[in-house]
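The values are calculated or read from the model by the stated rules, or taken from the named source; none is laboratory data. Since the structure is predicted, the reported quantities are computational estimates derived from the model, not experimental observations. Cβ placement follows ideal geometry from the backbone for every residue including glycine, while neighbour counts extend to all protein chains displayed. When the accessible area is computed, the model is the full protein with side chains, heavy atoms only, and any ligands, DNA or RNA have been set aside. Shrake-Rupley method; radii C 1.70, N 1.55, O 1.52, S 1.80 Å.
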Amino acid sequence: MLRTTAALVLAAQLLHAQPATAQATLLEAENATISQGAVESNHPGYTGTGFVNYDNLTGSYVEWTVESAEARTVDLILRYANGTTANRPMNVAGTLVDFPGTGAWTNWRTARVTVALNAGANLVRATATTAGGGPNVDSLTVAEPGQTDWSVAVVESTMARYSPAQLGGWGYTRGLYLWGQYLVWQRTGDPRHLQYIKDWADRFVDSSGDISSNFSNLDSMQSGNILLALYKETGQSRYRTAAAKIRNRLNTYPRTSDGGWWHSTSDSRQGQLWADGVFMVDPFVARYGAWVAADAFTRTEPAKQLEIYYSHLNRTSGPAAGLLYHAYDQPGGLTASWVKPSLGNTNGISWCRAIGWFGMAAIEILEIIPADHPRRAALIAMLRNLVPAYATWQDPATGRWFQVVTERGNAGNWTETSCSAMYTYTISRSVERGYVDPSYKVYADRGYQGVLAKVSTGSDGRTDIVDISEGTNVDDVFSYYFNRARPVNDFHGLGAFLIMNEQLRRTT
């Protein structure tokens, strides 16, 4: 048996994690050697095909073989459930570990212990030490010391907080979050994660593919990406039919005189282009062409829209050159109260998340369109302006970015987590793809550390992400943005975090 090099640290007591230096290894309990226990699946929430229910006696155990290329120290993380009120301690690789009650057999928690592995095969055994046996054990994860798979932790915490029926209505914040969960599922293959996404979407899409929305604004179209993902993964035509309703709505959706889709069809927003809007619909159109039906529209519109928006929102001079204004209002017709004619009919303020949406949209479209696309060079040129501007305005103290990007010295300003995740993602992918110089990687690394500093595990064993701005309209005064509420675990931040973390855990 192995001897530990540090005491047990429960996951509920973890505060902040450093980026992973190596991929964690997940070993399912049902595939291990089992003595005096059985594989069962009657309590939902497990990973793989089931969990091990220990016999109620001393000495029952589960044993895994852990391979290591060299002698090293690792953390062993056991995922378990204990529906009783009694502690069920076990000897885990030589250390006595407490497994207190979790409130129900469907409530899964983790416990962690640090051990020294030898080079080669190591036997890791978790043995019950009381007559009550061990808890139900779902899996063992072998990770670098202190390493947490924060993507999985955020997904598991969100699924525990909300059933698909409770997650919220059709809208871009849920679509953003679920797209992040889809990326996590693509890596882990956990069927519960995809099923959760499907169960949410099935609240809105009936068996014939009908979906009850008139799609009168770009925000309402973002969750179409979830429909495309489900069509791609399940092959069910109803998701394609529902997605086609969004695609076809764009045939008659109103545009500015130079072809930009209005942010909304409501009277108060006629002719307005918000930087947010490019992420709400353009990646969807590109994916629709790639995954469902390609035509001239899907080939040209996504990149074209980015160019149009960029032509109105890009800041071309001064220390903020390369950043974007939040929104533009085409002259004529109704005029928004926030319009600054001297600043190109924009609102004159660079709100951080709006610029983050834009950067992510450019990245996502470049991932989809072909290498010889005629507008590809233009999109890369945008990133070559945007990434240096991100770098210029990064807060050197925290690695994050401010709610109003250019107001670092304003006492009312604060570093915002969702945009910091978006900027970090955009910089990292731009470096990875060679769109910008490799020297910009340091800004992504600092951003990653800055965002991770806003993620923690509470006493309930669930993750919390803080300092996320709520949904935001357009204004022309700093105080409006400074005073936005900051709900803990706001879905803007959860989704942006997952997208960023899946990128950075792979490239850091």
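When the residues of the range 36-79 are filtered to those that are of a type in the set (Ser, Thr, Tyr) and open to solvent by less than 30 Å² (accessible area, probe 1.4 Å), the one that is nearest to Leu140 (Cα to Cα) is Thr47. Looking across the range 397-412, the residues that are in contact with a helix residue (DSSP H, G or I) (Cβ under 6 Å, 6 or more places away or on another chain) and crowded, with 19+ Cβ neighbours inside 10 Å come down to Gly399, Arg400, Trp401, Gln403, Val404, Val405. Could you say which residue among Gly175, Gly133, Gly168 is out of contact with any Cys (no Cβ under 6 Å at 6 or more places or on another chain), assigned to a loop (DSSP other than H, G, I, E, B) and open to solvent by less than 10 Å² (accessible area, probe 1.4 Å)? Step by step, each of Gly175, Gly133, Gly168 is checked, and only Gly133 is out of contact with any Cys (no Cβ under 6 Å at 6 or more places or on another chain), assigned to a loop (DSSP other than H, G, I, E, B) and open to solvent by less than 10 Å² (accessible area, probe 1.4 Å).
Only one of Phe215, Phe284 is farther than 29 Å from Ser337 by Cα and surrounded by 15 or more Cβ atoms within 10 Å (Cβ to Cβ). Can you tell me which?
The conditions single out Phe284.
Only a single criterion out of (1) modelled with pLDDT of 95 or more; (2) open to solvent by 40 Å² or more (accessible area, probe 1.4 Å); (3) part of a loop (DSSP other than H, G, I, E, B) is not satisfied by Arg88, namely (2). Inclusion of Ser220 among residues that are more than 18 Å from the chain's Cα centre (by Cα), under 18 Å from His492 (Cβ atoms) and not in a loop (DSSP other than H, G, I, E, B) is warranted. Of everything listed in (1) in a loop (DSSP other than H, G, I, E, B); (2) out of contact with any strand residue (DSSP E or B) (no Cβ under 8 Å at 6 or more places or on another chain); (3) crowded, with 17+ Cβ neighbours inside 10 Å, the single unmet condition for Asp372 is (3). What are the residue pairs meeting all of these: first residue in the range 423-451, first residue touching a residue at least 40 places away in the same chain (Cβ under 8 Å), second residue basic (Lys, Arg) and buried (at least 24 other Cβ atoms within 10 Å of the Cβ), Cβ atoms under 7 Å, and 6 or more apart or on different chains? Taking only residues 6 or more apart or on different chains, the pairs are Gly447/Arg400; Gly450/Arg400; Val451/Arg400.
Screening Pro100 on (1) open to solvent by less than 40 Å² (accessible area, probe 1.4 Å); (2) part of a loop (DSSP other than H, G, I, E, B); (3) closer than 24 Å to Arg161 by Cα shows it passes everything except condition (1).
A quick yes/no check of all residues on (1) surrounded by fewer than 23 Cβ atoms within 10 Å (Cβ to Cβ); (2) without any contact (Cβ under 8 Å) to a residue 12 or more places away in the chain:
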residue: Ser317; (1), (2): yes, yes
residue: Pro331; (1), (2): yes, no
residue: Cys352; (1), (2): no, no
residue: Ile365; (1), (2): no, no
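With the condition kept exactly as written, say whether any residue in the range 443-453 is at pLDDT 95 or above, over 17 Å from the mean Cα position of the chain (by Cα), hydroxyl-bearing (Ser, Thr, Tyr) and assigned to a helix (DSSP H, G or I). Yes. Within the range 103-119, being closer than 19 Å to Pro145 by Cα, among the small types (Gly, Ala, Ser) and exposed (fewer than 14 other Cβ atoms within 10 Å of the Cβ) holds for one residue alone: Ala119.
Select, from Arg299, Arg287, the only residue that is of a type in the set (D, E, K, R) and more than 23 Å from Asp210 (Cβ to Cβ). Walk me through how you get there before you give the answer.
Numbers: Arg287 fails: more than 23 Å from Asp210 (Cβ to Cβ).
Answer to the selection: Arg299.
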